[in-house]
Amino acid sequence: MSERHGGPAALAQVRDRIRARVVGRERELDLLLAAVAAGRDILLEGPPGTSKSTLLRAITAEWGIPLVFVEGNADLTPAKLVGHHNPARVLRDDNFVDGPLVEAMRSGGFLYMEEFNRAPEDTLNTLLTAMAERRIAVPRAGEVIAKDRFRVIASMNPYDNIGTTRLSTSVHDRLCRLAITYQDDEAERGIVALRAPLPDVKPAVYERLAADAVAVTRATRTHEDVRQGSSVRGAIDLTLVAGQLLTLYTERTSVTPLAETRYRDVVYDAMVVALSGRIFLDETVESAPEQVLREIWEDHFILDPAAAVPG
């Protein structure tokens, strides 16, 4: 990436340290590291909850460089992205307030723009010179030249077409692209184990709960009525909520919460809380999210009971 980060051996060491902290994503990590080390800007294309920001945080933390976040939306004007002059400091030389782009350029950090295709076209065009020339001209403030480590990292959800902007050929031409999809069942179980530990739940019960949470969450992505299903974040929240419900039922009743019927009911209730706001149904579907989740629950626990057994 620069003289500070050494050669291939140093890059491999960074990769190995990050791998020790990130579940799966070996190929994506290699490709993203290679792109930014080569001095390229890149578009990460994939649904929410697929480790895009996790990878970026890990890389910038290893290199000790800033990660400047900005959310793409209809209100992100060029002035908000680049910066603006502060009327209260108009008589001072430092009256220009850096926006995220200039902040990242001056500090040599990564500008990470989420929901990239939701920003207005004129705002995206502001990035063209910064990406191509590594410098921009700011009226009455002069030229800003980016430090060597500056990168533009954009992300977008390819399944979301509402309120989005079609990216121009010029923007595409200045960005490498990496598609990131959902991980496999085993990797998502590993993420749940890392992000949703339940030390008060017996290990055997926790193993089953985590497996069931991942299974029903993954099922939301393939259900015929669902346009976009939940990411692994849904499985994480489902596990945490179900764990608290098990604790509540243990304290309030003399009936063991591990009885099969009780356990299944707990999982469904947790599904409603954790997943109903994370799934987006097809526009032609009249069912409520809770009804779709009930179908998924029945498929998993009743029609295919073997699927409820971890392993």
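The values are calculated or read from the model by the stated rules, or taken from the named source; none is laboratory data. Predicted model, so just to flag it, every value in this text is computed and none were measured. Counting neighbours? That spans all protein chains shown, and the Cβs are built from the backbone with ideal geometry, glycine included. Note: areas computed on protein heavy atoms with side chains; ligands, DNA, RNA excluded. Shrake-Rupley method; radii C 1.70, N 1.55, O 1.52, S 1.80 Å.
Of note:
- Estimated FRET transfer efficiency when R0 is 30 angstrom, pair residue 77-residue 31 (beta carbons, to 0.05): 0.40
- Order of exposure, largest accessible area first, which applies to 263, 249 with probe 1.4 Å: 249, 263
- Listed candidates (1) 48; (2) 33; (3) 41 - label of the one calculated as percent of Cα pairs over 29 Å apart: (1)
- Cα long-axis angle, helix 121-133 against the chain (0 to 90 degrees, to the nearest 10): 60
- 3J(HN,Hα) along segment 202-213: 4, x, 5, 5, 4, 4, 5, 4, 4, 5, 5, 4 Hz, from the Karplus curve 6.51 cos²θ - 1.76 cosθ + 1.60 with θ = phi - 60°, whole Hz, x for Gly and Pro.
- Dipole of segment 43-202, positive end: most advanced residue of 95, 132, 181 [Cβ charges, Cα centre]: 95
- Secondary structure note: in the chain, about 35% of the DSSP beta bridges are antiparallel.
- Remark: the chain carries a charge dipole of roughly 1320 debye about the Cα centre, counting +1 on each Lys and Arg Cβ and -1 on each Asp and Glu Cβ.
- One quarter of the convex hull surface built on the alpha carbon atoms of segment 1-83 amounts to 6.5 nm², the projected area averaged over directions.
- Residue-averaged [θ]222 nm for the chain, counting only DSSP H segments that reach four residues, each worth -39500 (n - 2.57): -14000 deg cm²/dmol
- Measuring only protein heavy atoms, the 1.4 Å probe finds residue 246 accessible over about 10 Å².
- Helix 289-298 axis versus longest C-alpha principal axis of the chain: approximately 50°, rounded to the nearest ten.
- Packing-based ranking of 285-297, 209-221 yields 209-221, 285-297, ordered from highest to lowest mean Cβ neighbour count within 10 Å.
- Most positive-pole-ward Cα, 198, 55, 111, against dipole of the chain from beta carbon charges: 111
- C-alpha long axis of helix 260-275 to longest principal axis of the chain, angle in °: 20
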